[in-house]
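Remarks on the structure that follows.
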Amino acid sequence: MASLSGLCSSSPSLKPKTPLLKTTINSRPLRTSLTFATRYRLEPIQSVAREISTGLSKTNDKLLSKPKQGLEKDPSALWRRYVDWLYQHKELGLCLDVSRIGFTDEFVAEMEPRLQKAFKDMEKLEKGAIANPDEGRMVGHYWLRNSSLAPNSFLKTQIDQTLDAVCKFADEVVSGKIKPPSSPEGRFTQILSVGIGGSALGPQFVAEALAPDNPPLKIRFIDNTDPAGIDHQIAQLGPELSSTLVIVISKSGGTPETRNGLLEVQKSFREAGLEFAKQGVAITQENSLLDNTARIEGWLARFPMFDWVGGRTSEMSAVGLLPAALQGIDIREMLAGASSMDEANRTTVLRNNPAAMLALCWYWASDGMGSKDMVVLPYKDSLLLFSRYLQQLVMESLGKEFDLDGNRVNQGLTVYGNKGSTDQHAYIQQLREGVHNFFVTFIEVLRDRPPGHDWELEPGVTCGDYLFGMLQGTRSALYANDRESITVTVQEVTPRSVGALVALYERAVGIYASLININAYHQPGVEAGKKAAGEVLALQKRVLAVLNEASCKEPVEPLTLEEVAERCHEEEDIEMIYKIIAHMAANDRALIAEGSCGSPRSIKVFLGECNVDELYA
Ligand SMILES: O=P(O)(O)OC[C@H]1O[C@](O)(CO)[C@@H](O)[C@@H]1O
């Protein structure tokens, strides 16, 4: 089909074939935001009363009916509370301070039976129970860092062999033994990772946190189906495309955004006269569409994703390990850190179990129903993406409509944040004084710089001291205004501490899910969005077919939106048809739309060129 300019005018006058306006049409606020906003205005007790009266919440009513006390302000009592509750993992150099969450001894006592049940649930999960009942799947990400825990020797061998294969492949790429076929450098210099959600967020976080200043291979990401974003990544690679290892990551192997990224990258390879297969690596489930494509096309390598590892908990699988190893990150250290943290989180004594302490704090702070958001503030630039990573881990796991007994609960815990102290100059004003709808998690890193690099920029004070001061100051100022916070402290950002952080939050999510009785390991809500997107694209094809038929007439028959909708037999979807046409018009897509965007009834549309063959397709 020949491409003609699409038109959609803001002026009422019809000006055929002249580009008049490119506009963003859909700016309607998300329904979820409205729901949250409503909830914030309610006090917890009112929320519960409302939920109970509508029969929505069966799970959390008893505990939530308890009024909260004010936060402890007496300095010596606060210091006692700090010391009493401080958790330290000596070997990992990790501390957890929950003293600035105002839970009471009664609350802890009341939660104890639920916590013990959650510990049992985690034990069963680690032994291979079907912990994801909807999908009939085991949940085995904990085995990835301690394969001896895997419920059978077949799984253990799969884990061990995959880890060995990842290490071997990464060594051979980094050493130049595995080379790109036609690069002047003679070795791979870049990684282009194509994946989305759990197939991108972990690798992005770890790259930002741990990649050395001059890694053996630099990494970039295509994590969306935004054509301009994809073009930007490929343009930035420039001639280095010939020395780029493309890692396509998708557990399911059929995610549309990832497939599109792959097709776009393959097109760039063709245009540059490069053979994609010699530079392509797939990480996916065996026999997925992606796996079969990679096998048939003879890609450089394929690594397995396991059925029993979810996307958002896949950082310690090949998904996270391969990109990390290629950047020179010590992945065995990352695994060791995660494994030590898992070990600590297996104790059934709350005060010795940091993941359970986190889960308990989340429950207290958000009334066990997500009534407050979790703002994650790492005071370290390299941990910037931790909040983004946690956003998926927490929200995709906990944001569920139904609990495990089928009650409608609309659960969740909203996570956002960037980094301190940068955010002190952005939204901390509101946190300190504005709407009280959050609690904070500070991530503190004690080591400011590698040894030997520090200097005093004023007598007795370093740049890092300022960062430290900003964190402590913000924590105190928030607390003084009754804003609760948790502080996680690590000595340094190392593969070990990053592995530990990932493991800490994975387990906290698992325990919290048990406390609120939901399945943390499926994501049925995402499927609804994917299905709807598929329906929009199917409708677009029907719209094109209808327009094609009308445009093949002599003379061409321009159609109103009503006529298009009627001929598609989709009268109820006229708004979507309008949006489809406006989008295609804005993208010069062989379609001529005359009229005004502001008054859709004025629009008439036809194709610049008809395709007779398509009439009979
Ligand atoms: O790895 P995949 O199968 O491409 O999925 C990507 C992401 O999409 C989701 O399934 C949600 O759409 C996430 O859970 C997952 O991490």
On the formula 1/(1 + (r/R0)^6), with r taken between the Cβ atoms of Q430 and D164 and R0 of 41 Å, the FRET efficiency rounded to 0.05 is 0.25
Among A545, G253, P239, the residue whose Cα sits farthest towards the positive end of the charge dipole of the chain, when +1 is placed on the Cβ of each Lys and Arg and -1 on the Cβ of each Asp and Glu, is G253
Per the rule of 0.36 nm per residue minus the C-alpha distance, extending E271 to W79 adds in nm 62.6 nm
At the level of C-alpha centres, the distance separating segment 515-531 and segment 131-149, in angstrom, is 17 Å
Rounded to the nearest 10, the angle in degrees between the Cα long axis of helix 227-237 and the longest principal axis of the Cα atoms of the chain comes to 70 degrees
Here D for segment 86-150, in µm²/s, from Stokes-Einstein with a Kirkwood Rh over Cα pairs at 4 °C and 1.567 mPa s, works out to 88 µm²/s
Gyration tensor on Cα atoms of segment 534-583, a ≥ b ≥ c root eigenvalues, a/c under 1.5 rounded, else prolate if a/b beats b/c, else oblate, says prolate
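If contacts are Cα pairs under 8 angstrom and at least 6 residues apart, what is the relative contact order of the chain in percent?
With pairs under 8 Å counted, the relative contact order is 21 percent.
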Everything considered on the Cα gyration tensor (a ≥ b ≥ c; rounded for a/c under 1.5, else prolate if a/b is larger than b/c, else oblate), segment 229-298 must be described as prolate
Ranking I577, T414, G608 by how far each Cα lies towards the positive end of the charge dipole of the chain (+1 on Lys and Arg Cβ, -1 on Asp and Glu Cβ), the top one is T414
Toy charge model, Lys and Arg Cβ at +1, Asp and Glu Cβ at -1: the chain dipole around Cα centroid in debye, rounded to 20, equals 480 debye
Under the helix-only model (-39500 (n - 2.57) for each DSSP H run of 4 or more, divided by the residues of the chain), the mean residue ellipticity at 222 nm, to 500 deg cm²/dmol, is -14000 deg cm²/dmol
Rounded to the nearest whole number, the per residue volume of the convex hull around the C-alpha atoms of the chain in Å³ is 196 Å³
Checked against a 27 Å limit on the C-alpha separation, the offending pairs among K267/K530; K267/K604; K179/K218; K168/K380; K168/K530 are K267/K604; K168/K380; K168/K530
In segment 434-492 the DSSP beta bridges are antiparallel at a rate, in percent to nearest 5, of 25 percent
For segment 427-554, the dipole about the Cα centre with charges only on Cβ (Lys and Arg +1, Asp and Glu -1), to the nearest 20 debye, works out at 640 debye
DSSP beta bridges in the chain: the antiparallel percent, rounded to 5, is 35 percent
Helix 331-344: inclination vs the chain longest Cα principal axis, degrees, rounded to 10, gives 50 degrees
Quick calc, segment 141-293, dipole around Cα centre from Cβ unit charges on Lys, Arg (+) and Asp, Glu (-), nearest 20 debye, gives 280 debye
In order over segment 516-522: 3J(HN,Hα) from phi, Karplus 6.51/-1.76/1.60, θ = phi - 60°, whole Hz, x for each Gly or Pro, gives 9, 6, 10, 7, 8, 10, 10
The long-range amide H neighbours of V415, using H built 1.01 Å from N in the peptide plane and a cut-off of under 5 Å, are M374
Relative to the chain, whose Cα atoms define the longest principal axis, helix 354-365 and its Cα axis are tilted in degrees, nearest 10, by 70 degrees
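Would you list R601, R302 from fewest to most Cβ contacts within 10 Å? Before the final figure, lay out each step's value.
On the way: R601 10, R302 18.
With the fewest neighbours first, R601, R302 line up as R601, R302.
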Percent relative contact order for segment 193-279, counting Cα pairs under 8 Å at least six residues apart, stands at 39 percent
Sorting P181, N146, L192 by the position of each Cα along the dipole of segment 136-226 (Lys, Arg +1; Asp, Glu -1; all at Cβ), the one nearest the positive end of that ordering is N146
One finds the C-alpha centres of segment 239-294 and segment 439-461 to be spaced, in Å, by 41 Å
For segment 459-617 the mean separation of alpha carbon contacts under 8 Å (6+ apart) over residue count, i.e. relative contact order in percent, is 18 percent
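Any read-out appearing in this document is the output of simple, stated calculations on the displayed coordinates, not a laboratory observation. Bear in mind that the values here come from a model prediction, so they are computed numbers and not experimental data. Positions of Cβ are backbone-derived with ideal geometry, glycine not excepted, and every protein chain shown enters the neighbour counts.
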